[in-house]
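A.B. asks: Below are the structure tokens for one structure; questions will follow.
The values are calculated or read from the model by the stated rules, or taken from the named source; none is laboratory data. Since this is a predicted model, take the numbers as computed values, not measurements. In this analysis, Cβ positions are derived from the backbone assuming ideal geometry, glycine residues included, and neighbour counts consider all displayed protein chains.
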Amino acid sequence: MACFFRRRIAAQLGRTMRLCEDAFIPALSAVPVFKKQQTADLRLSINMLRDNGVLPSIGDIRAQTEHLARQLKQDSVVEEITAESAVIYFRFNRKLLAQKILEPLRMGGNSKFGLNSELLKSLKRGLTLVEYSSPNIAKKFHAGHLRSTIIGNFIANLKQSLGNKVIRMNYLGDWGLQFGLLGVGFRQFGSQEQLKQNPLQHLFEVYVKVNQEAEHNEDTRLAARDFFRQLEHHESGAVSLWQQFRDITVSEYRHVYKRLGLDFDVYSGESFHQERVQEVVQQLQDGGLLKTTEKGAGVVDLSAAQDMSTVSTVLRSDGTSLYITRDIAAAIDRKEQYHFDEMIYVTDKSQTNHFQQLFQILQAMGHSWADRCHHVTFGLVQGMKTRGGEVVFLEDVLDEARARMLHNMKQSKTTKEMDDAEDTAQKVGISALIVQDFKGPLQSGYKFDWDTMLQAQGDTGVFLQYTHARVCSLIQRNDNIDAATFDPSLLTEPSSIAILQHLLRYDEALYQSAQDLQPKHLLNFLLKLCHLIASAHRELPVKGSPQEVAQARLRLFSGSGSVLADGMRILGITPVDKM
Ligand code: ARG
């Protein structure tokens with residue numbers, strides 16, 4: 001696999017240059033595959049070696065490249081070494097390429113392919129707390145929450161496969177003035193009956209109604225403030241109603257997340273850090289960080305000149321806490337409870353300021369670990385609608401994705417007979433949502449479009465799933481062929497080589513995604529893999545080929561299928577075997 005070849009070249013470079021071979025690893029990368037074009041396998045960037053101080057940055061870089069290339073020797077592994085401007089290219093023995101890549105790969109088995117690469121070894125490991133999804137009780141689950149959910153899940157999966165311990169946390173919006181309103185609203189418009197039958201829907205309706213009421217009714221607003229004050233003072237009547245809303249919401253969400261194929265280790269929430277809030281305010285006070293405004297609110301001055309030109313309000317004049325106060329307390333609590341090495345928050349970019357202020361306040365309080373807290377942001381999604389109209393609940397999107405996919409599957413002539421078509425439609429529909437979302441940089445927004453995302457051709461989640469299912473069916477149809485042993489010298493056609501060369505890049509794609517936490521690197525790798533598998537499928541028949549050729553080809557397909565499945569799982573997609 002990739003690490004064997006990279007090591008091999010790095011070792012030779014190390015010997016030749018009398019330097020530690022590890023210094024060359026970051027400058028070696030797989031050559032991207034272009035259709036029908038025979039290329040070298042790995043390349044060495046002389047620019048990178050210069051930048052990293054491995055080679056002196058003086059003199060003509062071309063001459064330096066050629067000089068180095070001339071010193072390197074071809075052998076039974078590296079069959080060709082060529083220099084071109086500031087890059088040295090290496091081409092490996094074809095049989096070895098197939099053997100080293102495919103040997104550790106078996107379809108279905110969790111291969112850990114690519115994960116032991118030295119490129120990935122250089123990444124820091126530890127305990128990562130990822131906080132994502134974090135919807136608000138009784139409010140709409142909007143497109144931003146959906147994005148946070150799938151992006152956070154991807155980050156958690158990625159970190160985990162790279163060898164980190166991961167805590168997946170959902171931080172519910174379960175506190176604040178809106179619970180005053182909800183409490184008052186429920187007493188006025190609520191029904192226990194409906195709450196049991198359709199909890200999310202009912203809470204949402206009550207919340208909408210009471211908000212309308214509060215707009216023109218001063219008494220409602222006062223009652224809401226009073227209810228929230230009761231909550232903050234742990235008065236039992238208010239608390240037990242609130243607790244019921246929370247419990248019911250969590251159990252509903254668990255259920256829906258399961259459909260999405262994900263789960264959380266902790267359902268925390270803004271309410272969890274009540275005790276800590278007072279303490280935090282006290283600490284801010286003791287540290288001289290808390291200022292009081294004329295109106296009596298407690299603020300932290302964040303301006304460089306300390307002239308109150310930028311402040312963050314942490315305490316209302318009536319003594320109740322705010323979103324940021326709870327976040328400060330939550331961060332400190334989590335650090336103490338979990339001893340994370342890094343913490344990642346995933347929300348849309350409208351909260352950029354909030355998190356900057358949060359990290360700044362934590363620093364000012366002397367929590368140096370605040371620089372290991374990161375905010376991963378993403379842009380806005382427009383037009384997430386279902387046939388029924390606006391999306392209010394996560395379930396609406398999932399239902400729509402499943403229904404549309406099921407419809408498409410029924411229309412398509414290639415759809416297979418299957419036991420649970422609904423379940424397959426669900427999984428494929430979700431892949432479509434995820435792929436649409438992960439294709440570009442997360443910071444940019446996009447227009448939500450059911451038709452485009454559900455297309456079977458083109459770079460969609462349906463195409464990923466279709467390719468995976470096709471490989472599975474190929475293996476199944478040829479289950480009389482045992483590909484446990486195979487002759488790697490039989491995989492020399494351009495379309496075999498292209499797949500093998502592309503597989504050399506898998507760890508690089510993971511590495512890039514680990515660096516900037518953007519799923520697009522991994523996703524684009526997988527989409528390209530699917531295109532290469534499709535060409536190979538056309539050009540390299542298994543049925544009807546001589547036994548040994550069939551064996552080797554089957555091994556190529558099952559190997560690439562298993563990398564595809566691994567990668568899909570990291571993205572948060574459950575591969576289907578049939579569709
Ligand atoms: N519930 C919030 C919202 O819907 C997101 C929470 C983000 N996390 C945090 N620690 N503030 O906007």
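A.B. asks: From the list G287, G261, exactly one residue is among the small types (G, A, S), more than 16 Å from the ligand (Cβ to nearest atom) and more than 27 Å from the chain's Cα centre (by Cα). Which is it?
C.D. replies: Checking each option against the conditions leaves just G287.
A.B. asks: Can you find a residue that is in a strand (DSSP E or B) and within 30 Å of F189 (Cα to Cα) anywhere in region 223-240?
C.D. replies: Checked against the condition, which is being in a strand (DSSP E or B) and within 30 Å of F189 (Cα to Cα), region 223-240 yields no hits at all.
A.B. asks: Do we find that Q64 is part of a helix (DSSP H, G or I) and of a type outside the set (K, R) in this structure?
C.D. replies: Considered against the rule, which asks whether it is part of a helix (DSSP H, G or I) and of a type outside the set (K, R), Q64 comes out as yes.
A.B. asks: Same structure, new question: Are any residues in region 141-153 assigned to a helix (DSSP H, G or I) and either within 12 Å of the ligand (Cβ to nearest atom) or among the acidic types (D, E) (or both), and if so, which ones?
C.D. replies: A143, G144, H145, L146, R147, S148, T149, G152
A.B. asks: Looking for whichever is away from the ligand (no atom under 11 Å from the Cβ), among the aliphatic types (A, V, I, L, M), part of a loop (DSSP other than H, G, I, E, B) and buried (at least 23 other Cβ atoms within 10 Å of the Cβ) here; the options are A156, A138. Which one fits?
C.D. replies: None of the others qualify; the one that does is A138.
A.B. asks: Turning to a different aspect of this structure: Please go through (1) within 14 Å of the ligand (Cβ to nearest atom); (2) touching a helix residue (DSSP H, G or I) at 6+ places or on another chain (Cβ under 9 Å); (3) at pLDDT 95 or above for T352 and return the number of the only condition it doesn't satisfy.
C.D. replies: That leaves (2) as the condition not met.
A.B. asks: Another one. Which of the residues belonging to region 327-349 are within 13 Å of the ligand (Cβ to nearest atom), within 26 Å of G379 (Cβ to Cβ), in contact (Cβ under 8 Å) with a residue 60 or more places away in the chain and not hydrophobic (A, V, I, L, M, F, W, C)?
C.D. replies: Hits for region 327-349 are Y345, T347, D348, K349.
A.B. asks: Report, ordered by the first and then the second residue, all pairs with beta carbons closer than 6 Å, sequence separation of six or more or different chains, a first member in region 162-177 that is in contact (Cβ under 8 Å) with a residue 24 or more places away in the chain, and a second member that is among the β-branched types (V, I, T) and more than 10 Å from the ligand (Cβ to nearest atom).
C.D. replies: Pairs that qualify, where the first residue is in contact (Cβ under 8 Å) with a residue 24 or more places away in the chain and the partner is among the β-branched types (V, I, T) and more than 10 Å from the ligand (Cβ to nearest atom), are N164/T128; V166/T128; R168/V130; M169/V266.
A.B. asks: Report yes if N217 is more than 16 Å from the ligand (Cβ to nearest atom), modelled with pLDDT under 95 and out of contact with any Ser or Thr (no Cβ under 9 Å at 6 or more places or on another chain), otherwise no.
C.D. replies: Considered against the rule, which asks whether it is more than 16 Å from the ligand (Cβ to nearest atom), modelled with pLDDT under 95 and out of contact with any Ser or Thr (no Cβ under 9 Å at 6 or more places or on another chain), N217 comes out as no.
A.B. asks: Those residues that are part of a loop (DSSP other than H, G, I, E, B), surrounded by fewer than 21 Cβ atoms within 10 Å (Cβ to Cβ) and either aromatic (F, W, Y) or touching a strand residue (DSSP E or B) at 6+ places or on another chain (Cβ under 7 Å) (or both), I need them from region 1-55; list them, please.
C.D. replies: Result: V31, F34, A40.
A.B. asks: Tell me which residues, restricted to region 98-135, are more than 16 Å from the ligand (Cβ to nearest atom), modelled with pLDDT of 95 or more and of a type in the set (G, A, S).
C.D. replies: A98, G126
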